[in-house]
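Remarks on the structure that follows.
The values are calculated or read from the model by the stated rules, or taken from the named source; none is laboratory data. In this text the structure is predicted, and so the values were computed from the model without any measurement. So basically every Cβ, Gly included, is an ideal-geometry build from the backbone, and we count neighbours across all protein chains shown.
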Amino acid sequence: MKKIIPFAGLLLAAACSWAFYPKPAEPTGYAMVISRFSGSALNAKNTLSIIMPNGEVQVQETDAKSGTIKKVANSFDLMHLEELKKLNELRQNGWRVVNSTQISVGAGTINETIYVLEK
């Protein structure tokens with residue numbers, strides 16, 4: 001019994017000191033979310049790219065409908081919905097939007113929205 005009490009005290013002290021152990025720093029800097037709609041009524045492509053500060057790039061292709069104007073407009077709306085979901089997810093992780101830019105080339109053949117985020 002006399003051997004267990006010092007061991008238990010040492011174990012308790014080690015467990016308590018673990019709470020004050022320095023945690024790894026969260027990545028800071030800038031990230032980008034780029035949503036791109038390219039194509040026409042016959043051939044459309046939607047992509048959502050996320051560029052993190054450490055250089056990691058994630059590219060998601062969203063559903064792109066082609067054919068009628070209504071299908072293309074719905075496809076455009078779905079792309080913006082995915083963009084909004086990703087921005088909300090990043091916001092919950094501590095990122096905030098500091099700048100956004102919209103670029104349109106041609107007669108709506110390429111539409112791109114770029115969001116710059118900061119942590």
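Quick grid of which residues meet (1) in contact with a strand residue (DSSP E or B) (Cβ under 8 Å, 6 or more places away or on another chain); (2) of a type outside the set (Lys, Arg); (3) more than 18 Å from GLY29 (Cα to Cα):
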position: THR68; (1), (2), (3): no, yes, yes
position: LEU78; (1), (2), (3): yes, yes, yes
position: LYS85; (1), (2), (3): no, no, yes
position: ASN111; (1), (2), (3): yes, yes, yes
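Which numbered condition in (1) modelled with pLDDT under 90; (2) more than 15 Å from VAL116 (Cβ to Cβ); (3) surrounded by fewer than 16 Cβ atoms within 10 Å (Cβ to Cβ) is the only one that THR28 fails?
Failing condition for THR28: (2).
Check off (1) within 11 Å of the chain's Cα centre (by Cα); (2) under 16 Å from ASN111 (Cα atoms); (3) aromatic (Phe, Trp, Tyr) for PHE76 and give me the number that stays unchecked.
(1)
Which of the residues belonging to segment 97-107 are surrounded by fewer than 11 Cβ atoms within 10 Å (Cβ to Cβ) and not hydrophobic (A, V, I, L, M, F, W, C)?
THR101, GLN102, GLY106
Find the residue count for segment 56-73, including only residues that are closer than 17 Å to THR109 by Cα, among the hydrophobic types (A, V, I, L, M, F, W, C) and out of contact with any helix residue (DSSP H, G or I) (no Cβ under 8 Å at 6 or more places or on another chain).
Matching residues across segment 56-73 total 3.
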